[in-house]
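Chemist: Have a look at the structure that comes next, please.
Read-outs throughout are calculated quantities, based only on the coordinates presented, and are distinct from any laboratory measurement. Nothing here was measured: the structure is a model prediction, and the numbers come from that model. Glycine gets a Cβ as well: all are built from the backbone with ideal geometry, and neighbour counts include every protein chain shown.
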Amino acid sequence: MKLIAAIVVSIFSANLISLTAEALEEGTYWGGGSRYITIAKKTDTAQKEGDERFCYQGFSNNGSLIASLKLTIPRYQTGIDYEVYTLQDPENNLAIQQYAFKRSEIIFGSLVGRFVKGTVYKREENLIAGRSPDLAECLNSNKPYFKIKS
């Protein structure tokens with residue numbers, strides 16, 4: 001009986017450790033119609049783990065928006081269930097939420113309390129999108145980044 005309990009605890013602990021180390025998933029997500037979001041990440045290997053820089057580029061018929069993302073609600077504050085990143089946009093309260101067990105989806109919209117109310121975007125597995133010059137500029141910047149292109 002002790003052996004079974006030890007195996008269960010070991011498996012559960014390993015899952016918790018891997019979930020806490022996870023961050024926002026890079027990729028391109030589709031929100032229906034012509035709405036797409038690309039999440040890109042830059043990891044500085046000289047810095048400690050967890051010092052990644054995330055940038056957002058959203059596309060629609062109206063143009064695109066590029067912004068750096070700030071971790072606002074880390075997973076450890078949510079019971080390792082989800083995390084929230086806000087766009088570093090001076091005028092809006094836009095955010096992205098990703099659940100630990102739905103890694104292929106994000107919710108993009110307004111941050112209301114500790115949750116994002118908005119549209120569910122699903123990751124496009126077969127879409128390989130290169131980084132635009134604006135997205136690369138965002139990733140290489142050390143300051144909050146925000147740009148609208150129409």
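Chemist: Taking the alpha-carbon distance from K41 and a cut-off under 15 Å, which aspartates and glutamates remain once sequence neighbours fewer than 8 residues away in the same chain are dropped?
Modeler: E22, E25, E26, E49, D51, E52, D134, E137
Chemist: Enumerate the calculated ³J(HN,Hα) couplings along the stretch 141-150 in order (Karplus 6.51 cos²θ - 1.76 cosθ + 1.60, θ = phi - 60°), each rounded to whole Hz, writing x wherever the residue is Gly or Pro.
Modeler: Each residue of the stretch 141-150 in turn: 7, 9, 10, x, 10, 7, 8, 10, 10, 10 Hz.
Chemist: Which of the three applies to the stretch 24-86, rounded, prolate or oblate, going by the alpha-carbon gyration tensor with a ≥ b ≥ c and a/c under 1.5 meaning rounded?
Modeler: It comes out oblate by the Cα gyration axes.
Chemist: Going down the list K122/K143; K102/K149; K70/K117, which pairs span over 25 Å between their C-alpha atoms?
Modeler: The pairs that break the limit, which is 25 Å between Cα atoms, are K122/K143; K102/K149.
Chemist: What is the extension gain from S34 to K117, computed as 0.36 nm multiplied by their sequence separation minus the C-alpha to C-alpha distance, in nm to one decimal?
Modeler: Details: separation 83, 0.36 × 83 = 29.88 nm, distance 1.98 nm.
Stretched fully, the S34-K117 segment lengthens by 27.9 nm.
Chemist: Right, next: Once you order the gyration tensor axes a ≥ b ≥ c over the Cα atoms, which shape class does the stretch 33-145 get: rounded for a/c under 1.5, otherwise prolate or oblate by comparing a/b with b/c?
Modeler: Note, shape of the stretch 33-145 comes out rounded.
Chemist: Local charge sum around A40 (other residues, Cβ-Cβ under 13 Å, Lys/Arg +1, Asp/Glu -1)? Before the final figure, lay out the partial values.
Modeler: Working: positive: K41, K42, R53, R131; negative: E25, E26, E52, D134, E137.
That sum, taken over residues with Cβ under 13 Å, equals -1.
Chemist: With no solvent and one point on each alpha carbon, what is the Debye value of log10 I(q)/I(0) for the stretch 58-113 at q = 0.14 Å⁻¹?
Modeler: -0.40
Chemist: So how much slack lies between S132 and F101, counting 0.36 nm per residue of separation and subtracting their Cα-Cα distance, in nm?
Modeler: On the way: separation 31, 0.36 × 31 = 11.16 nm, distance 2.92 nm.
So the chain would gain 8.2 nm between S132 and F101.
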